[in-house]
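What follows is a set of notes on a single structure, which appears directly below.
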C-alpha cells in the first residue's frame, strides 16, 4: 500500500510539529523567534483597506546590527505599542512576515532551512537575507510619524528566493 501523506520534511518529530503553540513551554516559545527583526519595523495601515505597509524604519529599541531588542525584558514598558506575540494573537495578526516561525507553526507548516532551530546556527537567518541587518537606515526616534510614508518598502513582506524551502540551497542568490 502506497503512503500518500505527502513528502517527509525531517521536522515531523520536533516540538514545533508535535505541540500546538499553546502547549509550548516558555523556552520553546522564545526559541521560535528566528531573530530576523522584521516584526520590529514600523508599519502603516491603510484605514480604508486594512492593508499593511512595512517601512525600513526600526523600533526605537531595535539594534539593527544584531537584529535584537536592546531591552527585551522591559520592551512593553518602554514601547507601549510593542505587540507581544501570544498563541492567541499570532493567528490574527495580519502583519507577521511570511517567514515568521510563529505564523508558520500556527499554519502547520515547516520552518525554513535557515531557522536556527533547523540549521543549528543563529547566523543563517542573516546569511539567507531574511533578517533586517543592513536594511534599517533609521529608527522611530529619527523619523517623524508624518514622514513614515516616505520609508515604505516591500521586502519585509517577501521571502528571498534563496530562503525558500526546508533544505539549504547549494548556492545562495545575491540578496535583493
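Given 10 °C and 1.306 mPa s, compute D for segment 1-91 with the Stokes-Einstein relation, Rh being the Kirkwood radius over Cα pairs; round to the nearest whole µm²/s.
Roughly 98 µm²/s, to the nearest whole number.
GNM on the chain, C-alpha springs below 10 Å: top fluctuator among 57, 143, 125?
For the chain, modelled as a Gaussian network with Cα springs under 10 Å, the answer is 143.
Taking the convex hull of the Cα atoms, report for the chain its projected area averaged over all directions, in nm².
Averaged projected area of the chain's Cα convex hull equals 12.4 nm².
So what is the calculated 222 nm ellipticity per residue for the chain, using -39500 (n - 2.57) for each DSSP H run with n of 4 or more, over all residues, to the nearest 500 deg cm²/dmol?
-3000 deg cm²/dmol
In Å³ and rounded to a whole number, note down the convex hull volume per residue for the Cα atoms of segment 85-152.
126 Å³
Just so you know, all these numbers are worked out from the coordinates, no wet-lab data involved. Because the structure is predicted, anything quoted here is derived from the model rather than measured.
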